[in-house]
Amino acid sequence: MNDMTPPVAAREHTVESFTREFLRELNFGRGVDLDRASANDKYMALARTVRHYLMTGWLETLRNQYRDQAKVVAYLSAEFLLGRQLDNNLLTSNLEGIARESLDQLGISLDDLREVEIEPGLGNGGLGRLAACFIDSLATLDVPCIGYGIRYEYGIFKQAFVDGHQVEKPDTWLALGSPWEFPHPENAVTVGFGGHVEDVTDEDGVKRRDWVPASVVNGVPYNYMVPGYGTNRVNTLRLWSARAPKAFNLQVFNEGGYEEAVKNQTFAENISKVLYPEDSTPQGKELRLQQQYFFVACSIADFLCNVLPQDFDLHRLPDRITWQLNDTHPVIAVPELMRQLVDLRGWTWEDAWGVTQKVFAYTCHTLLPEALEVWPVDLLGKLLPRHLEIIYRINELFLEELRDTYPGDELKVRHMSIIAEHPVRAVRMAHLATVAGFKVNGVAALHSELLRDKVLSDFAQLWPEKFTNVTNGVTPRRFVRIANPSMSGLVTEAIGDGWIKDLSQLSRLEPLAEDAEFRRRFRDIKAANKVEFARVLKERDGIEIAGDAMVDAMVKRLHEYKRQTLKLLHIVSLYQRIGSGALPLESVTPRTFVFGAKAAPGYALAKQIIALINAVGSTINADASLEGRLKVAFPANYNVTLAEKLIPAADLSEQISLAGKEASGTGNMKFALNGALTIGTDDGANVEIRELVGDENFFLFGMSEPEVADLEASGYSPEAVYASDPDLKAAIDLISSGAFSGGDRTLHEPVIAALLGEDRFMALADFRSYVDAQDRVEAYYGDFEAWSRSAILNVARSGFFSSDRSMVDYMDRIWGAKPVKQNF
Ligand code: GL7
């Protein structure tokens, strides 16, 4: 140890020293005595204590970073959906046992303090959670990485239900303080917006373009520790917060012009005010583009000026960094780096482009055409006039190259252009990313194939070597070890704890699927997890469910392509058939249908679907004739914290998107890893899950992607399907009759009209196949030994879905970055 070591050394892991530190934090950090401390005081003191123990690793990682000058992965993402931090940091600092004992001795329950933490919901769903899993894995694998993003003051909205309808409330996650962040206002970076571009000639007579912004905003970095598991490495997540450079105009304020005086401040601080509650269908919002440019400009300036040594020769940039673009949100980084090199450092265009093309790689996360971001040139030019010029120039050179390669094929040139002409002139961010990036990847095997063959096929023909796949993954620390401690204990008892860092070791559980005693213990754990989930639902939402029914879960954003309506039609059909006597109640397995879903606030149909799910739920839950066999539980505000309770309790995982629409899915992986069986279509990563766990341990249904394409081409009539399937017709008619809306036939009409009219995502076409698969589920679930065997095999065969594996694939196929072990 040297004299730079912080006061509490990482190695000093005793209950006594922990207690000392905790009390010191309480007294000196919070200014309270133990007897008068609130739960928040105690949580804060605990968090600060834990953070001390990680500090040595963090400082050492930073020191090594400067010393080794190793290649760094900069993960640029508008979203990091972190979830609670305390549990993860207790795990990585190996302090859980010590903290629990220490707090016990003080008469405090660690579990109570855990509940105090409000999770930072700085993401919409899968894409944001993926970013959080990736930085966890990179730290665990000892790979130098900086996550760059936005410190939204308000994260994803808090969902409430009023009469079954979604109401959005602000997510005040910072209200009680945030013990995990380290603000550094002294390292603020300045970012410009608007204004104009002019020609200037510098002292050496060199002409260049000079951007004169109309306003500037400061980006203040907030650093978060990203500790690896089983290593001393602690990487950094740097989130930017926007501030006005000049807080306000005192003169105007003193004259009583209060609003006028803080105008600049409002403009600036709005930029990091709130996470856009969009999922897959971005709206062309000016503020969103401001956010994108804001965090990207801060991050590039930070890396070039603060992370790299001052004398670093930027021609060697590709040896030191890959900027991984998490979807198109950060793609404005491309012209920003060009501006940094050409305008600010006087490089030639060719040199700058040569370097730029070697440092960016692009991950696409969608297949929906409407989700591919485009920015109208009017807007982009108004906000970032110089960047628009640079984009035009990139495009001009790209189109020249295309015309050389495909002489006379103007149609192809138009299709591939970075600039779209219709309906308005706009920049296609996915094209810009593909042209500038040295690699483009999809997020599951099928998705990457469809990207290559459909969405970006022209580009894949031109540059086949650019395209690759990296199937998503999830961190086994949070989603198995922390979320499911009992199952983790059982697994560790059986195969040791190596699986936590090397999830492929789960395959060693395979033989135990044949062991009756192991199956019994596995089942008992699932049963106990259900009881715990039921307790949480009661306490959190006042929802009562049976502790022993089958838990059938569909949790994901509300989107037509994900087909919550298909799940709903199955529930309504069961209800209808029971009610009509076609299905004897005694033959129905007791089931709780759990939904968790937020709808984008502007997505009217999604909100109507939520209202319908709630309406069906209230009716079914109140119907005494069902004797409680069917229950619908739709807790509001599904988030990472609730996921960690639900997933370990689930028996059945619903992954029922229309084939060819879900890029990957990651919830599907979390469920399989916790021993739920999947009912799913051949879509996204479901394809790989099924291949690995085996057909006999997966309930496949529905059309394949080529079948969907064929049906689309030959003309799809939802009306005809409705007319030809009596069960489907009866279910839809029951909804239309007003059975779930107190006789009101109009209330749910828009949902029904969307299904019977266009049914864009072919829920009706897959209904029969889905219901048949559900019948197979029922039958199989009755054979509890067979079901447990399949559940264990799901766990044993899902090790591939660790985000550690994803990171190794990114390193091999894209980054060329290597682990750097810390020796101390
Ligand atoms: C998503 C995809 O929809 C989802 O299938 C994928 O698992 C995830 C991570 O790759 O990315 N794309 C997207 O825009 N969101 C997603 O969750 C919000």
Among the candidates 103, 76, residue that is under 30 Å from residue 332 (Cα atoms) and in contact (Cβ under 8 Å) with a residue 60 or more places away in the chain:
76
Do you know which residues across the stretch 129-144 are touching a strand residue (DSSP E or B) at 6+ places or on another chain (Cβ under 8 Å), of a type outside the set (Val, Ile, Thr) and farther than 25 Å from residue 290 by Cα?
133, 134, 136, 137, 138, 139, 144
Of the criteria (1) within 16 Å of the ligand (Cβ to nearest atom); (2) under 28 Å from residue 369 (Cβ atoms), which one residue 672 fails:
(2)
So for the stretch 136-149 (the condition being on the phi < 0 side of the Ramachandran plot, of a type in the set (S, T, N, Q) and more than 16 Å from the ligand (Cβ to nearest atom)), does at least one residue qualify?
yes
Residue in the stretch 253-264 that is in contact (Cβ under 8 Å) with a residue 40 or more places away in the chain, in the same structural domain as residue 356 (by TED's automatic domain parsing) and on the phi < 0 side of the Ramachandran plot present:
yes
Answer yes if at least one residue in the stretch 345-365 is crowded, with 20+ Cβ neighbours inside 10 Å, without any contact (Cβ under 8 Å) to a residue 40 or more places away in the chain and either among the small types (Gly, Ala, Ser) or over 29 Å from residue 813 (Cβ atoms) (or both), and no otherwise.
yes
Whichever residue in the stretch 548-579 is acidic (Asp, Glu) and over 19 Å from residue 757 (Cα atoms) and, among such residues, is farthest from the ligand (Cβ to nearest atom):
548
Any chance residue 327 is within 16 Å of the ligand (Cβ to nearest atom), among the charged types (D, E, K, R), surrounded by 17 or more Cβ atoms within 10 Å (Cβ to Cβ) and modelled with pLDDT of 95 or more
yes
Counting just the residues of the stretch 366-394 that are within 15 Å of the ligand (Cβ to nearest atom) and part of a helix (DSSP H, G or I), which one comes out surrounded by the most Cβ atoms within 10 Å (Cβ to Cβ)?
371
Could you list, in sequence order, all residues of the stretch 691-715 that are buried (at least 17 other Cβ atoms within 10 Å of the Cβ) and away from the ligand (no atom under 16 Å from the Cβ)?
692, 693, 697, 698, 699, 700, 701, 702, 703, 708
Could you check how many residues of the stretch 636-659 are more than 12 Å from the ligand (Cβ to nearest atom) and either closer than 23 Å to residue 372 by Cβ or not in a loop (DSSP other than H, G, I, E, B) (or both)?
15
Filter the helices (runs of 4 or more DSSP H) completely within the stretch 680-733 down to those with at least 3 residues that are free of Cβ contacts under 8 Å to residues at least 40 places away in the same chain and not basic (Lys, Arg).
705-714, 718-724
Give me the pairs: first residue in the stretch 167-179 and modelled with pLDDT of 95 or more, second residue charged (D, E, K, R) and part of a strand (DSSP E or B), beta-carbon distance under 8 Å, and six or more apart or on different chains, which are they?
168/158; 169/158; 170/158; 171/158
Being touching a strand residue (DSSP E or B) at 6+ places or on another chain (Cβ under 7 Å) and within 26 Å of residue 476 (Cβ to Cβ) is the filter here; which residues of the stretch 616-642 pass it?
635, 637, 638, 639, 640, 642
Among the residues of the stretch 779-786, is any at pLDDT 95 or above and closer than 19 Å to residue 573 by Cα?
yes
Answer yes or no: is there a residue in the stretch 653-668 that is under 19 Å from residue 599 (Cα atoms) and without any contact (Cβ under 8 Å) to a residue 40 or more places away in the chain.
yes
On the given criteria, is residue 652 within 22 Å of residue 763 (Cα to Cα), touching an Asp or Glu at 6+ places or on another chain (Cβ under 7 Å) and modelled with pLDDT of 95 or more?
yes
Tell me the residue from 542, 602, 581 that is surrounded by fewer than 21 Cβ atoms within 10 Å (Cβ to Cβ), without any contact (Cβ under 8 Å) to a residue 40 or more places away in the chain and within 30 Å of residue 276 (Cα to Cα), please.
542
If you go through the stretch 489-507 one residue at a time, do you hit one that is in contact (Cβ under 8 Å) with a residue 40 or more places away in the chain, of a type outside the set (Phe, Trp, Tyr) and closer than 13 Å to residue 793 by Cβ?
yes
List the residue pairs whose Cβ atoms are under 7 Å apart, where the first residue sits in the stretch 113-126 and is modelled with pLDDT of 95 or more, the second is surrounded by 23 or more Cβ atoms within 10 Å (Cβ to Cβ) and of a type in the set (Val, Ile, Thr), and the two are 6 or more positions apart or on different chains.
121/156; 123/156; 124/156; 126/666
Picked from the stretch 79-98 (must be over 15 Å from residue 329 (Cα atoms) and among the hydrophobic types (A, V, I, L, M, F, W, C)), the residue surrounded by the most Cβ atoms within 10 Å (Cβ to Cβ) is 82
Looking at (1) in the same structural domain as residue 504 (by TED's automatic domain parsing); (2) under 30 Å from residue 693 (Cβ atoms), which is the one condition that is false for residue 804?
(1)
Those residues of the stretch 38-55 which are among the small types (Gly, Ala, Ser) and over 19 Å from residue 16 (Cβ atoms) amount to 38, 39, 47
Taking residue 578, is it touching a Ser or Thr at 6+ places or on another chain (Cβ under 9 Å) and assigned to a loop (DSSP other than H, G, I, E, B)?
no
Every residue from the stretch 16-47 that is polar (S, T, N, Q), more than 16 Å from residue 117 (Cβ to Cβ) and touching a residue at least 24 places away in the same chain (Cβ under 8 Å):
19
Looking at (1) surrounded by fewer than 23 Cβ atoms within 10 Å (Cβ to Cβ); (2) outside any helix (DSSP H, G or I); (3) touching a residue at least 24 places away in the same chain (Cβ under 8 Å), find the lone condition where residue 551 falls short.
(1)
In the stretch 449-494, the residues that are surrounded by 17 or more Cβ atoms within 10 Å (Cβ to Cβ), farther than 21 Å from residue 528 by Cβ and small (Gly, Ala, Ser):
460, 473
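Residue by residue, here is whether (1) assigned to a loop (DSSP other than H, G, I, E, B); (2) among the acidic types (Asp, Glu); (3) within 16 Å of the ligand (Cβ to nearest atom) holds:
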| residue | (1), (2), (3) |
| --- | --- |
| 226 | no, no, no |
| 253 | no, no, no |
| 278 | yes, yes, yes |
| 288 | no, no, yes |
| 297 | no, no, no |
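The values are calculated or read from the model by the stated rules, or taken from the named source; none is laboratory data. Source: prediction; values computed, not measured. Backbone-built Cβ (ideal geometry, glycine too); neighbour counts: all protein chains shown.
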